[in-house]
Amino acid sequence: MPGKPWESWGGELKKTLLLAVPITAGHVSHMILGLTDTLMIGRVGVLSLAGAALSNTIFHIVMIGGIGILTSVSVLVSHAYGAGQKAEAGEMLRRGLVIAIVTGFAMFFMIWGFFPIMHYLGQPEDVVFISQPYLWLQAISLPFMLATIAVRNYSEAQDAPWPAFWCGLVSVILNIFLNWVLIYGNLGAPELGLVGAGLATLAARIVNLIILIAWLRWDQRFKDSWPETWLARIPISGVMSMLRLGFPVGLQLLMEVGAFSSTVFLMGWLGTVEMAAHQVAITCAATTFMFPLGISLAVAIRVGHVIGAGEAHRARRVGFGAIGFTILLSSCFTVLFLVLNNQIAGLFTRDTETVLLAASLLVVAGVFQLVDGSQALAIGALRGCKDVKVPTYIIFAAYWVLGIPFGATLAFGFGVGAVGLWIGLATGLGIAAVGLIWRFIRVTRVYALS
């Protein structure tokens, strides 16, 4: 099928970026919740920063699986939207919210049940003690957070990403204000330190969900797709079909983020300074990753749109145009981390030893920016094609068969320490990028010929 003039590579990239900008901004605002916590907690002391690192590690390992499962909302709504089936998009939202709430409470009890064995992780006892109240508050926010993600995916998949951005921005501002009040004891509030940061994050996530639902309820763009009856029976088969699509994505994210998060436990074997430095570096790397992640989510939606509309031949142009742009964008972050690593690390803590080690880790983070963005875009394009099983195997092999063991060997076998663990992460990212791009070429070969 011949393409129209506006369906050129540049035209597809422009459409993707117009959708990606607010999605990226929304995810950056979400990431800023963690960034501001780290910045403000770091002023309390290295112990609190290490406690936040341990808590966030456990929380994100569990939470990321829920986020992956809910990508099924985005993929299925985008296909329905591309095919003009708006009522079906609303049904996907109902099912997605059920999955989000049930999953959120299940994960809360999972984290709570993990408390008694945290002392056996080989982490410093004072770090474990200070981290638990903060982790409990993070865990109880999970049902609200996952429900927000389901609603956000529903909105973004229908070419309406700005509501999620503005609501997320309000929650960020609220979180910063409440951090200032509760961490440091301003405006007559008690000085709660790490616990104050947890309370602030919980409140911000609840408010985010409330205002996002209210916005979409009254937005006329969703009039035809907003569910008319929320309490109608939801077929189990429909929920299971979403889980069959979302569960492999949850495993993908769990293996990828789990590779980074599990490094904290290995850092704990090295010492508190290593844990604190890792928290600084991973916060910076995760923040810059929000940009390729936002573009990746936009690519998944746009690939779903073109396939749903019966124009699958455009999928390859959508995917590879965005991959090329992301490589250029990621190179800017590479230069940033390589040139300003010491200055960036110094923003988080005054401890000289922590700053020096974090700066070294940021150098490695700068090197892997290019492959990190590439693998994110490739896997987003594959999700838009509903191809989720083979990418799961690729990610498992890249991180857990090759990357993590290689990093651990460098760190402990050859005495490279914290930097060795991060070299292993970079290796896993590179292998994943090559494998996932190869898979996208293979999957879209038939589309390109149609």
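The values are calculated or read from the model by the stated rules, or taken from the named source; none is laboratory data. Because the structure is predicted, anything quoted here is derived from the model rather than measured. Backbone-built Cβ (ideal geometry, glycine too); neighbour counts: all protein chains shown. In case anyone asks, the SASA skips ligands and DNA or RNA and just uses the protein heavy atoms, side chains included. Shrake-Rupley method; radii C 1.70, N 1.55, O 1.52, S 1.80 Å.
Before moving on, here are some points about what is shown:
- Answer from W269, W226 - the residue that is out of contact with any helix residue (DSSP H, G or I) (no Cβ under 7 Å at 6 or more places or on another chain), on the phi < 0 side of the Ramachandran plot, hydrophobic (A, V, I, L, M, F, W, C) and in contact (Cβ under 8 Å) with a residue 60 or more places away in the chain: W269
- In the set (1) without any contact (Cβ under 8 Å) to a residue 24 or more places away in the chain; (2) within 22 Å of V419 (Cβ to Cβ), G366 fails one condition alone, (1).
- Some residue of the range 167-178 being in contact with a Phe, Trp or Tyr (Cβ under 8 Å, 6 or more places away or on another chain), within 23 Å of V21 (Cα to Cα) and free of Cβ contacts under 8 Å to residues at least 60 places away in the same chain: yes
- The lone criterion from (1) more than 28 Å from I41 (Cβ to Cβ); (2) assigned to a helix (DSSP H, G or I) left unmet by G310 is number (2).
- Residue in the range 135-165 that is nearest to T71 (Cα to Cα), counting only those that are modelled with pLDDT of 90 or more and of a type in the set (F, W, Y): Y154
- Qualifying residue in the range 440-450 (condition: open to solvent by 40 Å² or more (accessible area, probe 1.4 Å), within 23 Å of the chain's Cα centre (by Cα) and in contact (Cβ under 8 Å) with a residue 24 or more places away in the chain): no
- Listed conditions (1) assigned to a helix (DSSP H, G or I); (2) free of Cβ contacts under 8 Å to residues at least 24 places away in the same chain; (3) in contact with a Gly (Cβ under 7 Å, 6 or more places away or on another chain) are all met by E191, apart from (1).
- Which numbered condition L33 misses (of (1) modelled with pLDDT under 80; (2) over 23 Å from S296 (Cα atoms)): (2)
- Evaluated against (1) surrounded by fewer than 17 Cβ atoms within 10 Å (Cβ to Cβ); (2) free of Cβ contacts under 8 Å to residues at least 40 places away in the same chain; (3) over 17 Å from V257 (Cα atoms), P405 falls short on exactly one condition, (3).
- Of all residues in the range 408-422, those satisfying the criterion of being surrounded by 20 or more Cβ atoms within 10 Å (Cβ to Cβ) and within 26 Å of the chain's Cα centre (by Cα) are A418, G420, L421, W422.
- Residue within the range 381-399 that is polar (S, T, N, Q), in contact (Cβ under 8 Å) with a residue 40 or more places away in the chain and over 21 Å from L336 (Cα atoms) present: yes
- For first residues located in the range 309-322 and open to solvent by less than 10 Å² (accessible area, probe 1.4 Å), partners that are of a type in the set (A, V, I, L, M, F, W, C) and outside any helix (DSSP H, G or I) and lie 6+ apart or on another chain with Cβ distances below 7 Å form the pairs A315/C385.
- Count of the range 209-223 residues, restricted to those that are free of Cβ contacts under 8 Å to residues at least 12 places away in the same chain, part of a helix (DSSP H, G or I) and among the charged types (D, E, K, R), is 1.
- Any hit, the range 277-292, residues being of a type outside the set (V, I, T), over 20 Å from the mean Cα position of the chain (by Cα) and assigned to a helix (DSSP H, G or I): yes
- The lone exception for A214 - which of (1) surrounded by 18 or more Cβ atoms within 10 Å (Cβ to Cβ); (2) closer than 22 Å to L146 by Cβ; (3) at pLDDT 90 or above it fails: (1)
- Count of the range 238-266 residues which are polar (S, T, N, Q) and free of Cβ contacts under 8 Å to residues at least 40 places away in the same chain: 1
- Residues of the range 66-87 that are open to solvent by less than 10 Å² (accessible area, probe 1.4 Å) and not hydrophobic (A, V, I, L, M, F, W, C): G66, G68, S72, S78.
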